[in-house]
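Note sheet for the following structure.
The values are calculated or read from the model by the stated rules, or taken from the named source; none is laboratory data. Source: prediction; values computed, not measured. Quick reminder, even Gly has a Cβ in these numbers, built from the backbone with ideal geometry, and neighbours come from all protein chains shown.
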Amino acid sequence: MTEQPSNVLEIIQQSMELPEIGHGQEATVYPLAGLPDYVLRVRDDADHRLHTTTQLTPVNYGFDHHAIAPPLVQGEGFSIHPRQPGKSLTLYWQDLARSNQTNEGMEKPEADTKAYEKIMQLLANLPQEQYQVFLEDMNFLTTLRRGIEPLGDNIMLSDATMRWVDPGHNPLNNHLGNVEKMLFQFDLNSAGHKTTEIKALQEQISTKLQEAARLTHTPMNEAEVAKMIPKHHKFEIKHAISEISLLPLSATPVALRETLNRVENHIRREF
Ligand SMILES: Nc1ncnc2c1ncn2[C@@H]1O[C@H](COP(=O)(O)OP(=O)(O)O)[C@@H](O)[C@H]1O
Ligand SMILES: [Mg+2]
């Protein structure tokens, strides 16, 4: 068993030894050792800079705390975020498809199709309210002139929740057409054909999505979202929170937890 980390530097080092939660074009994300509600995101170009960090800076990106898992503290090339439950849609699908082949002995096309069906089942079973929260969070990004990145690996799915990660910079992305595309066609090419079951599940999902869009006034397409983007930023894109002290890497795990809580409370107060 790994020893309990005694300071923030050791937490970071141990986290990077854990199996990653996911990675994308820019970064790899790990569970934060000893603090299960958070993740460590390390930029792939950070290697040479990690060692230059001596303290963590509390930051506020102007994202509502629960919405898109914003960074709470940052060092050179890495940051700590609230953890969104579940797995990304893409990873979920890949893991299921692989397990269908290795554990169930299915041929690839069947393994892919069955995995796709399973994801559609999960989505169809999600509570209606989750669809509303999901769209509200996307619409909230529009008010900040930020955008979703419409890729399946930026949607986190669990049995009970569907949340975003990794916001981008184009608010024109924030419309229902994109969301449908992300949910239904995230890997359709390799997922074989749409079975009758898949089509039926997609109808259920569409119904939930449409109802959520109506309740949250979600724009349907790019032309509609274009009219909703504010001319000015409500917040600066990012600022250090001067009221909360910098956290040295020699600080204790308890101090890290306290700082993360304080940042979350600080951000929450602004909304
Ligand atoms: N806050 C988070 N909670 C849980 N998993 C996350 C979180 N942020 C990212 N991930 C996982 O890590 C992957 C890569 O992170 P992301 O920030 O999207 O990096 P990139 O910019 O390289 O795409 C995501 O696709 C997702 O699976
Ligand atoms: Mg990503």
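Quick check on my filter: what residues within the stretch 68-78 are crowded, with 21+ Cβ neighbours inside 10 Å and either within 13 Å of ligand 1 (Cβ to nearest atom) or over 20 Å from Arg262 (Cα atoms) (or both)?
So in the stretch 68-78, the residues crowded, with 21+ Cβ neighbours inside 10 Å come out as 68-70, 72-73, 75, 78.
Correct list: Ile68, Ala69, Pro70, Leu72, Phe78.
Taking the stretch 157-180 as the search range and keeping residues that are among the β-branched types (Val, Ile, Thr) and in a loop (DSSP other than H, G, I, E, B), which one is surrounded by the most Cβ atoms within 10 Å (Cβ to Cβ)?
Looking only at the stretch 157-180, we keep the residues that are among the β-branched types (Val, Ile, Thr), and these are 161, 165, 179.
Then drop every residue that is not in a loop (DSSP other than H, G, I, E, B), which leaves 161, 165.
Details: Thr161: 15, Val165: 24.
So the residue we want is Val165.
Can you find, within the stretch 80-108, the residue that is nearest to the chain's Cα centre (by Cα) among those that are within 16 Å of ligand 2 (Cβ to nearest atom) and of a type in the set (A, V, I, L, M)?
In this case the residue turns out to be Leu89.
Can you name every residue in the stretch 63-87 that is of a type in the set (Gly, Ala, Ser) and touching a Pro at 6+ places or on another chain (Cβ under 8 Å)?
Just the residues of the stretch 63-87 that are of a type in the set (Gly, Ala, Ser), to begin with: 67, 69, 75, 77, 79, 86.
Ala69, Ser79 - these are the residues of the stretch 63-87 that are of a type in the set (Gly, Ala, Ser) and touching a Pro at 6+ places or on another chain (Cβ under 8 Å).
Restricting attention to the stretch 6-26, which residues are within 14 Å of ligand 1 (Cβ to nearest atom) and crowded, with 19+ Cβ neighbours inside 10 Å?
To start, the set of residues in the stretch 6-26 that are within 14 Å of ligand 1 (Cβ to nearest atom) comprises 15-16, 18-26.
If the condition is that a residue be within 14 Å of ligand 1 (Cβ to nearest atom) and crowded, with 19+ Cβ neighbours inside 10 Å, then Ser15, Ile21, Gly22 are the ones that fit.
If you scan the stretch 1-48, which residues turn out to be away from ligand 2 (no atom under 16 Å from the Cβ) and among the hydroxyl-bearing types (Ser, Thr, Tyr)?
Narrowing the stretch 1-48 to residues away from ligand 2 (no atom under 16 Å from the Cβ): 1-19, 31-38, 47-48.
The answer is Thr2, Ser6, Ser15, Tyr38.
How many residues does the stretch 28-60 contain that are surrounded by fewer than 19 Cβ atoms within 10 Å (Cβ to Cβ) and within 17 Å of the chain's Cα centre (by Cα)?
5
Okay, residues lined up against (1) within 14 Å of the chain's Cα centre (by Cα); (2) at pLDDT below 95:
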position	(1), (2)
Gln121	no, no
Pro127	no, no
Tyr131	no, no
Leu144	no, yes
Leu151	yes, yes
Val165	yes, yes
Gly168	yes, yes
Leu172	no, no
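Going residue by residue through the stretch 71-86, is there one that turns out to be at pLDDT below 90 and under 19 Å from Glu149 (Cβ atoms)?
No: zero hits.
If I ask for residues that are near ligand 1 (Cβ under 9 Å from one of its atoms) and either under 14 Å from Pro85 (Cα atoms) or not assigned by TED's automatic domain parsing to the domain that holds Leu123 (or both), which ones from the stretch 146-163 would you list? Let's see the steps before the verdict.
So in the stretch 146-163, the residues near ligand 1 (Cβ under 9 Å from one of its atoms) come out as 149, 151-156, 163.
If the condition is that a residue be near ligand 1 (Cβ under 9 Å from one of its atoms) and either under 14 Å from Pro85 (Cα atoms) or not assigned by TED's automatic domain parsing to the domain that holds Leu123 (or both), then Asp153, Asn154, Ile155, Met156, Arg163 are the ones that fit.
Residues that are crowded, with 22+ Cβ neighbours inside 10 Å and within 16 Å of ligand 1 (Cβ to nearest atom): does the stretch 111-119 have at least one?
Yes - at least one qualifying residue is present in the stretch 111-119.
Got at least one residue in the stretch 255-262 being at pLDDT 95 or above and over 24 Å from the mean Cα position of the chain (by Cα)?
yes
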